[in-house]
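Presented below is the structure to which this report refers.
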Amino acid sequence: MNYPGRLLITPPPPGGRYGAFGGTYVPETVMPALVELADEARVAFADSEFLSELAELQRDYAGRPTPIYRAARLSAHAGTEVWLKREDLLHTGAHKLNNALGQLLLARRMGKRRIVAETGAGQHGLATATACALLGLPCVVFMGSEDMRRQAVNVAKMELLGARVEAVESGSRTLKDATSEAIRDWVTNVRDTHYVIGSAVGPHPYPWLVRTLQSVIGVEARQQMLEQAGSLPAVVVACVGGGSNAIGMFAGFLDDPMVRLVGVEAGGRGRAQGEHGASLSLGSPGVLHGANSFLLQDEDGQVAATHSISAGLDYPGVGPEHAMLRESGRAEYAIVDDVGALETFHLLSELEGIIPALESAHAIRWAVEHGPSEPGPILVCLSGRGDKDLDTVLAAGPPP
Amino acid sequence: MTEVRELPNRVRSVLQGGGAAPHLVPYLMAGFPKLADTVGLLLAAEAAGATLVELGIPYSDPLADGPTIQAAGQRALAQGMTVRLALEQVAEARAAGLQIPLVVMTYLNPVLRMGLMEFAERAARSGVDGLLLPDLPLEEMAELSSSAAEFGLALNTMVAPTTPDQRIVRAAQVSSGFLYCVSRTGVTGSKSGGGDEATSLLTRSRALTPIPLALGFGVRRRQQIQELAGLADAVVVGSLLLEVADAAPDPAVAIFEAVSALAA
């Protein structure tokens, strides 16, 4: 089968700016490396050899294109037609491999000999460790010790693949702190190391680079909807932590003004600071990890603690393009809490025989809640599978 | 009404025209080891012979800092340190007789949260002389630069061993104080600050700009400082002093002794 490897390749935003958001707020030591990365990515995305190598890996190694699936029983339950973009079927079980494969090919092009990454749920760390094994590059993954506890299976998998998993004990011992530690490692080893950031966050060019590599989700899904559903979706829904699966999905539909774009953030246990991860819905503008975007912070500008039952959404920041889409009104952002995500985890398992990642369960929950008032079709990005979450879900008790 | 400081460039002037030995610049963390230690430690550093002092205002996610300064910042925050309180403590130190120029080192987000203008005004009114923000690169500096200038604050810029020559020139042009040279690729408290990377960066910088050069990150020993004579105008020592202050029964005495020993 011919697979052209469909990325939506746009020029990088001038100055790395998304309206008032984005930018490059990092220590001077890595500034030249960011310039090099932006230049290299621009050249690579115009190089047919690079693109065909990536496309071949996406097809033969990762399993692209991933299907869209009309979830009949879920649709009946939701009262509207729901389609799922099956990124859970991608190799390693989540959309993260789209980004890791592309960045690893770039790292090799730049002659980097060592890879570092951060991970929350472990899916990005797993994807990076996988791509490193594939290309024979040493890999260090920084992971908060709290997340290592929550995602022990992914830790074991990364180690099986030859990666070293470094426990991060600072701060909240979750994704935020793992990201800070990965950046510190990169600052120290920048000459021979590439930092594979896992979401559409961070200093320019990362938000643009990750979005471009994840745009394969939206570009495929748009064409598949036209072919299989016979129309564009009325609504596209994706969960938003840092926002990489969402921005990749939205990228395919931004120029279709009739398609409503909905990002779903983690409502956690409540609306009080520290109880959720809803940076866009409940945060304010600020700078974290190299970019100006929406941020959960206190009145002194200190970054706030967060909570979500899903490690991948347990992050106080969000990608700058989402901040711009929210400000412009092109996309809207909603909240689903822990309980809703857990219920939906069980619901999709029972109705469709698909165990979703807790992150993705947030997005599906939105479709279930809004189905009765939505003519549809609703297209949901099922960003990953839920094996990694079994311990968390079982610990939460039997389905309601 | 805003009070305009009489000596807007004393951060630069105090480091210029020194002798052969580099000035020692102690770095202290506001609210560390105890919340109320700041004023006493600043005065101790001055009494021990420091001609300029750097005061860190803690931030939850300090990307340029190693474990020692991270942990000190976390503790200061847990003890209740804030941007406002740190600036109040600077004003207290001035009222208690602190004379030497003081440069605040912090990160962009707490400054943005207060507002660039309000921060610059409060800092200047409190007796701060200059600013150093390691996560604010040249590309993003214009707005803070004009706020700082309006209130007579010296905005210092940073260069690293990875910084190309033309960027060093730009950093020197943007700086209204000193040029902070990062001794090696890495974070504060790195094991081997100095060495060939530092020498090479200082030599390159000296050939490109006449403004004072301060070297920092990983400097811990008097011998390292002496070896930088003729290369650097100032040397910043941070992590070591925080360790010393934390381990001592009387942090002010310990800072006095440690700074005296390094500056001798």
Beta bridge orientation in chain A: antiparallel %, DSSP, nearest 5
30
Between A:Arg114 and residues 5 or more places away or on another chain, which pairs have amide H atoms under 5 Å apart, with H built 1.01 Å from N, and which residues are they?
A:His194
Tell me the label-point distance for the pair A:Glu159, A:Met258, using the 7 Å Cα-to-Cβ offset, in nm and rounded to one decimal.
5.4
Using only protein heavy atoms and a 1.4 Å probe, report how much of A:Met31 is accessible, in Å² to the nearest 10.
10
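Under the rule a/c < 1.5 gives rounded, and otherwise a/b versus b/c splits prolate from oblate, where does the range B:74-118 land using the Cα gyration tensor?
It is oblate, given that a/c is not under 1.5 and a/b is not larger than b/c.
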Only helical DSSP H runs with n ≥ 4 go in: add -39500 (n - 2.57) per run for chain A, normalise by residue count and round the 222 nm mean residue ellipticity to 500 deg cm²/dmol.
-12000 deg cm²/dmol
Can you give the relative contact order of the range B:21-263 as a percent, counting alpha carbon pairs under 8 Å and 6+ residues apart?
25
Please work out whether the range A:279-400 counts as rounded, prolate or oblate from its C-alpha gyration tensor, where a ≥ b ≥ c are the square roots of the eigenvalues and a/c under 1.5 means rounded, while otherwise a/b larger than b/c means prolate and anything else oblate?
oblate
Integer Hz, Karplus 6.51/-1.76/1.60 couplings in order for the range B:43-59, x for Gly and Pro:
5, 5, 5, 5, 4, 7, x, 5, 9, 7, 10, 9, 10, x, 9, x, 9
Find how much the distance from A:Ser231 to A:Arg73 grows on full extension, using 0.36 nm per residue of separation minus their present alpha carbon separation; answer in nm with one decimal.
54.8 nm
Phi-derived 3J(HN,Hα) across the range B:196-210 with the Karplus relation (6.51, -1.76, 1.60, θ = phi - 60°), rounded Hz, x for Gly and Pro, is 4, 4, 5, 4, 5, 5, 5, 5, 4, 5, 4, 6, 9, 8, x
So what is the relative contact order of the range A:63-178, in percent, for Cα pairs below 8 Å that sit 6 or more residues apart?
20
Taking 7 Å along the Cα-to-C-beta vector as the label spot, tell me the B:Ala95-B:Gln79 distance in nanometres, rounded to one decimal.
2.0
Note to self, chain B gives a 222 nm [θ] from helices alone (DSSP H runs n ≥ 4, -39500 (n - 2.57) apiece, / all residues, nearest 500) of -13500 deg cm²/dmol
Can you tell me which of B:Arg206, B:Arg220, B:Arg167 moves the most in a GNM of chain B? Springs connect C-alpha atoms under 10 Å apart.
B:Arg167
Might you work out the accessible area of B:Val236 for me, using a 1.4 Å probe with all protein chains in place, and round it to the nearest 10 Å²?
10
Shape call, the protein assembly as shown: gyration tensor on alpha carbons, a/c limit 1.5:
prolate
Within chain A, how many Lys pairs that are eight or more residues apart, or on different chains, come under 21 Å at the alpha-carbon?
8
Explain nothing, just compute: Karplus ³J(HN,Hα) = 6.51 cos²θ - 1.76 cosθ + 1.60, θ = phi - 60°, for every residue of the range A:320-327 in order, whole Hz, x for Gly and Pro.
x, 5, 5, 4, 5, 5, 5, 4
When only Cα pairs under 8 Å and 6 or more residues apart are kept, what is the percent relative contact order across chain A?
20
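The values are calculated or read from the model by the stated rules, or taken from the named source; none is laboratory data. Every value quoted in this text rests on a predicted model; they were computed, and no experiment measured them. A quick note on method: Cβ atoms are made from the backbone with ideal geometry, for glycine too, and the neighbour counts reach across all protein chains shown. Side chains included, ligands, DNA and RNA excluded: accessible areas come from the protein's heavy atoms. Shrake-Rupley method; radii C 1.70, N 1.55, O 1.52, S 1.80 Å.
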